[in-house]
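The values are calculated or read from the model by the stated rules, or taken from the named source; none is laboratory data. It should be emphasised that the depicted structure is a prediction, and the values quoted were computed from it without experimental measurement. So basically every Cβ, Gly included, is an ideal-geometry build from the backbone, and we count neighbours across all protein chains shown.
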Amino acid sequence: MYLIPYWIILTEKGSLFEYNDDVYTSMFEMSTKILLEKKIRNPGDAYLYNVGFKKGYQITKTYVKTCECLTSFLNPNIKSTSCDIKHRNPQRNLYRCKKEFFRSFDAALDYALHIIAILNLIHLIVDHLFHQEISGFAHTKNHYLKELNQYRQILGKPPLTMNAKLNVMAKTCAEKLAYRNKLIAGMKGDYDEVIAFAKHGYGFYLIRILFDDYFFTKHNFKSKSIKYKTSFKRLLSCKQRIVGFGLSRNGYGTFICIKFTSDFW
């Protein structure tokens with residue numbers, strides 16, 4: 001039996017389906033590609049598991065207990081069948097991904113999603129650049145600060161200083177976001193914040209992406225863009241003095257939190 005994870009991507013025009021970093025417009029199209037790629041002779045042996053939903057930078061996991069047979073997506077005349085992914089007796093649960101065995105389905109799923117990511121050569125290169133949990137993402141934080149101050153210099157603003165206390169607060173925030181697997185704005189205090197989610201290693205370029213988006217479209221204040229541009233606009237303000245960065249990785253990417261304030265602590 002094959003158990004294949006996939007995502008549902010929610011867009012304004014409808015739903016898309018993501019498998020192995022490729023996006024499909026229909027379940028039929030995705031199912032056909034899976035059969036060819038996995039070389040599955042009997043479609044009845046393949047079951048699809050919906051990991052969750054993606055909408056913009058927001059991810060919501062489903063934690064469903066069943067998976068659906070692939071055959072019903074290939075032929076609508078075939079009655080849909082499903083099976084439980086967990087046995088009532090935990091001791092009877094055994095899952096395999098490649099040559100690895102797991103007693104926990106969630107552990108097997110996280111491993112499978114990770115394997116899918118690193119098998120892509122481009123993502124492997126980017127992950128090597130960005131996967132720095134052991135060093136506390138020190139290189140990425142310094143890169144953020146350097147690039148941010150370069151943009152502030154272009155705008156004629158004084159440089160920011162990285163603050164240890166804000167780093168701790170930002171790290172705590174990022175870990176909370178990663179644990180919940182969702183972007184949640186923090187409570188207002190004596191500081192402002194920017195939060196983001198980056199798939200694989202693309203978070204390394206977060207500051208550049210935010211600056212380009214703000215600088216080249218800042219005169220076009222559409223209703224959809226005001227919410228996430230306001231905080232970054234304040235980050236470029238001459239009033240800001242200190243900044244802190246926090247990053248936390250889960251199985252799907254990296255959550256990032258930037259905290260900053262105009263006061264010296």
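List of remarks:
- The stretch 2-71 holds strands (runs of 3 or more DSSP E) entirely within its bounds, and those carrying 1 or more residues that are among the charged types (D, E, K, R) and surrounded by 14 or more Cβ atoms within 10 Å (Cβ to Cβ) map to 14-19, 46-55, 58-61, 66-69.
- If you go through the stretch 13-28 and keep only what is among the hydrophobic types (A, V, I, L, M, F, W, C) and in contact (Cβ under 8 Å) with a residue 12 or more places away in the chain, you end up with F17, V23, M27, F28.
- Among the residues of the stretch 136-156, the ones that are crowded, with 16+ Cβ neighbours inside 10 Å and closer than 17 Å to K239 by Cβ come to 4 in all.
- Unique match (being farther than 23 Å from K54 by Cα, assigned to a loop (DSSP other than H, G, I, E, B), at pLDDT 85 or above and not small (G, A, S)) among K188, K146, K141, K157: K157
- Scan of the stretch 31-58 for residues that are without any contact (Cβ under 8 Å) to a residue 40 or more places away in the chain and either under 30 Å from I256 (Cβ atoms) or of a type in the set (S, T, Y) (or both), ordered by number: G56
- Candidates Y179, Y214, Y205: the one that is at pLDDT below 80, touching a strand residue (DSSP E or B) at 6+ places or on another chain (Cβ under 9 Å) and of a type outside the set (A, V, I, L, M, F, W, C) is Y205.
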